[in-house]
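*Asks:* One structure is given below, represented as structure tokens, and several questions about it will come after.
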Amino acid sequence: MTLSPKISIIGGGLAGCEAAWQAAGRGVAVTLYEMKPHHYSPAHQSPDLAELVCSNSFRGESLENAVGLLKNELRCLGSLFMAAADETRVPAGGAVAVDRDLFARVITEKIEQHPLITVVREEVTKLPSGIVIIATGPLTSDLLAEELRPLVGDNLYFYDAIAPIVTADSIDLSRIFRASRYGKGEGADYLNCPLEQEEYERFVAELIAADKVAPRDFEKAIHFEGCMPVEELAGRGVETLRFGPMKPVGLTDPRTGREAHAVVQLRQENRQATLYNLVGFQTKMTYPEQRRIFRMLPGLEQAEFARLGSLHRNTFINAPTLLEPSQQVKGEPRLLFAGQITGVEGYVESAASGFLAGINAARLALTEPLLLPPPTTALGALVAHITSTESRHFQPMNVNYGLFPPLPGRVKKKERRAQLAQRAQADLQGWWGESRGDVR
Ligand SMILES: Cc1cc2nc3c(=O)[nH]c(=O)nc-3n(C[C@H](O)[C@H](O)[C@H](O)COP(=O)(O)OP(=O)(O)OC[C@H]3O[C@@H](n4cnc5c(N)ncnc54)[C@H](O)[C@@H]3O)c2cc1C
């Protein structure tokens, strides 16, 4: 009798279940460790695997949004997550939403009944030997986080502090100026939105009055010094932001020859310069309020938000520093990370990350070459961003068209997304066909 190659997966959430399904589908025996029902994170409640801890929506279906494309790609690639989503779908307009209990039940049954998957209900506190995928999510247990310390060092974070990101082509460049403070760096690294005194004071008043997201019980202890929400800074006094993230000193507007009363700086987020973040603008304002208030800023009136701001309890690693594009740990190729702990943000993104980790862990066990999706696909663009973006300011990211390599030549803005989606679909077919990635 020949024994199947084996891998271990820690965490039976969205990423862990997808990874287990993909690996087992390729003939690899999987031990999937899940700490529920013996131990629950502060947000998990059900003993089932693949529990949705908050919304029951997987966001839009249309290819106008990159998350729609990502779901489409996962469907084409034979994802368990998408099969269960389609099986348990409830009406939700243009979104894919599911009956959460049914969704978790369907996945739990499929995983538990798979002849090559063994589910072990225990909290992992020591890394198993052999090939291991760590998919313990944003609320990884404390004991495992401690065990990961020697592996990840200071590159393990427990809270995200996310500033909004806007797409470059939605910024009105006629209203802003390029400059670095005191001309440092390349001299013009930042885009600066200048505000006159009246605009500034109106903006500060709106920040203070805005609707905020209430912290969950387990998030109340978040220590905000160093990543204080912008609206809390605003509440400390009208001048506070002018001495913090809206400091105008050293930024002369070439159009007026003087410093503005206050400035919001936008910093390039990715190599392609398709995305910019609002520096220091992490926030707990609700999403509609963020859209309304940040569009008051000069140059951002038509801003398209690739990501909105937040502050959460969220365990994640600095993936660009620690991971290879295959999601293997640099220098420890037997260990892979998957899901939200890698810095992807969202249910669909976590499952997508699990999909790739599962395939690659299986290929590693089978001594086959590993697979990387083209960066022109939603799956490839997401994982390329996570593993290769600038690591100093790394914060979690959801999939969006700003992560994709630009199209060659000039393309009208309203046609761009359709063309990016078309290119992605063609490249995915080509890649998957060549990889002979068919599920057994
Ligand atoms: C409170 C909260 C709300 C969120 N709401 C949304 C939302 O509405 N929409 C959205 O798209 N995204 C949301 N997210 C973000 C993210 O999409 C989800 O957390 C998603 O479930 C992440 O998938 P995952 O597989 O990485 O982790 P999880 O789905 O959390 O799976 C991790 C699993 O690992 C287990 N585990 C942890 N430590 C151990 C251990 N040591 N040993 C064994 N098992 C362990 C956990 O019990 C859990 O089952 C939310 C996150 C949080 C924290």
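*Asks:* Which ones in the range 313-352 are among the polar types (S, T, N, Q), within 12 Å of the ligand (Cβ to nearest atom) and assigned to a strand (DSSP E or B)?
*Replies:* Matches in the range 313-352: 314, 315.
*Asks:* Take residue 378 and decide whether it is over 30 Å from residue 4 (Cβ atoms), within 16 Å of the ligand (Cβ to nearest atom) and touching a residue at least 60 places away in the same chain (Cβ under 8 Å).
*Replies:* Yes: the conditions hold for residue 378.
*Asks:* Ok, one more. Determine which single condition residue 256 fails, assuming it passes every other condition in (1) over 20 Å from residue 161 (Cα atoms); (2) part of a strand (DSSP E or B); (3) not basic (Lys, Arg).
*Replies:* Going through (1) over 20 Å from residue 161 (Cα atoms); (2) part of a strand (DSSP E or B); (3) not basic (Lys, Arg) one by one, residue 256 breaks only (2).
*Asks:* Of everything in the range 33-47 that's near the ligand (Cβ under 6 Å from one of its atoms) and of a type in the set (Ser, Thr, Tyr), which residue is modelled with the highest pLDDT?
*Replies:* 33
*Asks:* Filter the range 315-343 down to the residues that are of a type in the set (Val, Ile, Thr) and in contact with a strand residue (DSSP E or B) (Cβ under 6 Å, 6 or more places away or on another chain), then identify the one that is nearest to residue 156 (Cα to Cα).
*Replies:* Checking each candidate, the answer is 317.
*Asks:* Sticking with this structure for a sec: Residue check: is residue 389 hydroxyl-bearing (Ser, Thr, Tyr), touching a Leu at 6+ places or on another chain (Cβ under 6 Å) and surrounded by 19 or more Cβ atoms within 10 Å (Cβ to Cβ)?
*Replies:* no
*Asks:* Which of the numbered conditions does residue 367 fail, given that it passes all the others? Conditions: (1) touching a residue at least 40 places away in the same chain (Cβ under 8 Å); (2) at positive phi.
*Replies:* (1)
*Asks:* Any idea which of (1) of a type in the set (Gly, Ala, Ser); (2) touching a Leu at 6+ places or on another chain (Cβ under 9 Å); (3) over 23 Å from residue 166 (Cβ atoms) is the one residue 299 doesn't satisfy?
*Replies:* Unmet condition: (3).
*Asks:* Restricting attention to the range 144-188, and to residues there that are without any contact (Cβ under 8 Å) to a residue 40 or more places away in the chain and touching a Lys or Arg at 6+ places or on another chain (Cβ under 9 Å), which single residue is surrounded by the fewest Cβ atoms within 10 Å (Cβ to Cβ)?
*Replies:* The qualifying residue surrounded by the fewest Cβ atoms within 10 Å (Cβ to Cβ) is 187.
*Asks:* If you go through the range 8-15 one residue at a time, do you hit one that is over 18 Å from the mean Cα position of the chain (by Cα) and more than 6 Å from the ligand (Cβ to nearest atom)?
*Replies:* yes
*Asks:* Separate question: Would you mind telling me which numbered condition in (1) out of contact with any Ser or Thr (no Cβ under 8 Å at 6 or more places or on another chain); (2) over 22 Å from residue 341 (Cα atoms) residue 94 fails?
*Replies:* Exception for residue 94: condition (1).
*Asks:* What's the number of the condition residue 321 fails, among (1) in contact with a Pro (Cβ under 8 Å, 6 or more places away or on another chain); (2) closer than 24 Å to residue 389 by Cα?
*Replies:* Here residue 321 meets the rest and fails (1).
*Asks:* Hey, any hits in the range 406-416 for a residue that's without any contact (Cβ under 8 Å) to a residue 40 or more places away in the chain, over 18 Å from residue 82 (Cβ atoms) and aliphatic (A, V, I, L, M)?
*Replies:* yes
*Asks:* For the range 1-109, which fully contained strands (runs of 3 or more DSSP E) count at least 1 residues that are among the aliphatic types (A, V, I, L, M)?
*Replies:* 6-10, 29-33, 95-98
*Asks:* May I pose another question? Consider residue 29 carefully, then state whether it is more than 19 Å from the chain's Cα centre (by Cα), aliphatic (A, V, I, L, M) and farther than 17 Å from residue 347 by Cα.
*Replies:* Considered against the rule, which asks whether it is more than 19 Å from the chain's Cα centre (by Cα), aliphatic (A, V, I, L, M) and farther than 17 Å from residue 347 by Cα, residue 29 comes out as yes.
*Asks:* Right, another one. Could you list all residues from the range 356-373 that are assigned to a loop (DSSP other than H, G, I, E, B) and within 11 Å of the ligand (Cβ to nearest atom)?
*Replies:* none
One line per residue, one yes/no per condition, for (1) at pLDDT 95 or above; (2) part of a loop (DSSP other than H, G, I, E, B):
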position	(1), (2)
277	no, no
288	yes, no
299	yes, yes
311	no, no
354	yes, no
375	yes, yes
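*Asks:* Out of the residues in the range 60-84 that are within 14 Å of the ligand (Cβ to nearest atom) and modelled with pLDDT under 95, state the one that is surrounded by the most Cβ atoms within 10 Å (Cβ to Cβ).
*Replies:* Among them, the one singled out is 65.
*Asks:* Further, regarding this structure: So residue 101 fits all but one of (1) within 10 Å of the ligand (Cβ to nearest atom); (2) modelled with pLDDT under 95; what number is the exception?
*Replies:* It fails just one condition, (1).
*Asks:* Pull out all pairs, ordered by first then second residue, where Cβ-Cβ is under 7 Å, the residues are six or more apart or on different chains, the first lies in the range 14-41 and is of a type in the set (Asp, Glu), and the second is more than 9 Å from the ligand (Cβ to nearest atom) and at pLDDT 95 or above.
*Replies:* Close Cβ pairs satisfying both conditions: 18/79; 18/80; 18/81; 18/355; 18/358; 34/119.
*Asks:* Across the range 293-322, what is the number of residues that are over 15 Å from the mean Cα position of the chain (by Cα) and touching a residue at least 24 places away in the same chain (Cβ under 8 Å)?
*Replies:* Final tally of qualifying residues: 13.
The values are calculated or read from the model by the stated rules, or taken from the named source; none is laboratory data. In this text the structure is predicted, and so the values were computed from the model without any measurement. Note: ideal-geometry Cβ built from the backbone for every residue, glycine included; neighbour counts use all protein chains shown.
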